[in-house]
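Bear in mind that the values in this text are calculations on the coordinates, not laboratory data. Predicted, not measured: the structure shown is a model, and the values here were computed from it. When we count neighbours, we look across all protein chains shown, and the Cβ atoms used for this are built from the backbone with ideal geometry, even at glycine.
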Amino acid sequence: MNARRDGSRGGGGGDLALVESPAVVARIERVAKETGDDRLAAALASCRRAEGSLAQLNTCLMDNFRGHRNLEAYSLLYEINYREFLLVIGKRLRFMANSLDPEDVLEDVFVSIYRYPHKFRDEKEFSFRNWSYSIIRNTILKHLRTHGPAISASDSLAESLEDEGEQDPLDRLEEQENRGECGMRWLLVLANYLTAYGKLSDREQRALQLVEVEGVRYREASERLGIKLENLKMVICRARKKIFRGIGQVVGGES
């Protein structure tokens with residue numbers, strides 16, 4: 001993709017070079033096709049022509065995940081924005097007397113994005129950027145409260161964190177739920193799951209998408225895929241075993 005790297009394209013954050021990868025482009029096109037998301041397909045095409053922004057593409061991916069719970073859409077959001085979010089968190093944490101671990105904060109941020117997509121509102125080009133930055137801000141504040149007096153922020157940082165204009169989408173939910181260490185480990189497992197999921201065949205991915213994500217009954221899923229019910233069960237069983245094996249290789253160091 002011969003695209004210019006100016007503000008009109010990069011202004012929404014994220015890794016533009018990654019989006020220019022043919023493999024990533026193919027994955028986005030597959031998500032758009034499988035979910036019937038013409039808007040996502042148009043945003044990708046516009047970005048590739050250097051007419052649209054990465055901000056708009058991110059917003060469309062998030063809206064796709066909100067509407068379809070498509071794991072590939074979430075995985076793409078994670079990969080495209082990981083470095084950008086880590087830089088933003090690192091810049092904010094440099095004001096701390098005893099700095100928090102940016103990786104810990106980042107993991108909590110993506111847990112929130114995964115768990116609360118229904119709080120996202122697709123209203124403008126920069127909707128995902130604004131929403132995710134507000135999650136970053138409030139996640140930092142949550143970590144500060146959790147660590148108590150051991151970590152303090154300068155007055156200027158605390159003021160900027162509290163007073164930024166975007167409304168916190170997770171106020172009550174995050175106060176009620178203590179994700180902590182369990183949430184971070186869960187995200188690690190999820191990341192490994194997505195990696196293993198990406199190595200499955202198209203039919204295996206579609207079968208898992210229908211049964212495990214969309215909650216379609218086995219018989220209806222078999223009809224949609226055009227295969228016998230018994231064959232569908234075998235496809236899903238094999239797919240799950242491949243995923244468990246892939247996670248085990250990462251976690252347990254198996255060859």
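Remark: the ARG115-VAL216 segment gains 34.3 nm on full extension, using 0.36 nm per residue and subtracting the alpha carbon distance. Spacing of the modelled spin labels on ASP104 and LYS242, each 7 Å from Cα toward Cβ, amounts to 3.8 nm. Stretching LYS233 away from GLU123 to a fully extended chain increases their span by 35.6 nm, per 0.36 nm per residue minus the current alpha-carbon distance.
Site pair ARG224 and LYS199 shows an inter-label distance of 2.6 nm when each label is modelled 7 Å from Cα along Cα→Cβ. In this simple spin-label model, placing a label point 7 Å from the Cα along the Cα-to-Cβ direction at both TYR82 and PHE95 gives a separation of 2.8 nm. Relative to the current alpha-carbon distance between ALA23 and ALA42, full extension at 0.36 nm per residue lengthens the span by 5.1 nm.
FRET efficiency for the ARG30 to LEU141 pair, using the beta carbon distance and R₀ = 41 Å, is estimated at 0.65.
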